[in-house]
Amino acid sequence: MVTLLTGKKGSGKTKKLIEMANAALEKSNGNVVVIEKGQQMTYTIPYAARLVDSDAYDIKGADALLGFISGICAGNYDVTDIIVDSTLKITGTGAEICEYLVSELKKLSASADTNVVLSISAAEEEIPASVAEYVLK
């Protein structure tokens, strides 16, 4: 399953993302991975989750992010949840990229049996209508 956590900067997305990571850890029988840009969440994400800094792996662009997420799933069969913070900063694009990301991540999510959450710093009306059903309400 793919979920988009949307909202403008300062709307509480990171707090919600941390809550989602905690909830995933409680119900997961495997691994929870949180991908962030920079190291802002080092002390807010529980130690049981694998926290990965996208800058440390020089991830730039949507295809690089998709490849990285695919590699995480390929290298670790028991990843149940992948949560990505600052998706648009990592991809270097605007909200229009959501359509492509959701399309590709739906396939990966189904084949790897992994839930994927993308934090998108954009108002709901900026999100393409084709992926509106994936926006967390």
Approximate spin-label separation Lys9-Asn22, in nm, with each point projected 7 Å along Cα-to-Cβ:
2.6
Trypsin sites (Lys or Arg not before Pro) lying in DSSP loop within region 41-100, provided at most 15 other Cβ fall within 10 Å:
Lys60
Where does the chain land at 222 nm, in deg cm²/dmol rounded to the nearest 500, when only DSSP H runs of n ≥ 4 count, each adding -39500 (n - 2.57), divided by all residues?
-11500 deg cm²/dmol
Seen from all sides and averaged, what is the projected area of the convex hull of the Cα atoms in region 2-134, in nm²?
7.2
Two-site label geometry, Ser130 and Ala74: point separation in nm, points 7 Å out along Cα→Cβ
2.5
Sorted from fewest to most neighbouring beta carbons within 10 Å, what does the list Ile72, Ile120 look like?
Ile72, Ile120
Restricted to region 2-134, the DSSP antiparallel beta bridge percent, nearest 5, is 5
Using +1 on the beta carbon of Lys and Arg, -1 on that of Asp and Glu, and nothing else charged, what's the dipole of region 1-121 about the Cα centre, debye to 20?
360
Order of Met41, Met1 from fewest to most other C-beta atoms within 10 Å?
Met1, Met41
Dipole of the chain, positive end: most advanced residue of Pro46, Ile35, Leu101 [Cβ charges, Cα centre]
Pro46
Figure the gain on full extension for Lys106 and Lys37 (residue separation times 0.36 nm, minus the Cα-Cα span) and round it to one decimal in nm.
22.6 nm
Give me the percent relative contact order of the chain, please, defined on Cα pairs under 8 angstrom at least 6 residues apart.
38
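Bear in mind these aren't lab numbers, they're just calculated from the coordinates by the rules spelled out. Everything quoted here is computed from the prediction, not taken from an experiment. Here the Cβ is made from the backbone with ideal geometry for all residues, glycine too, and neighbour counts use every protein chain on show.
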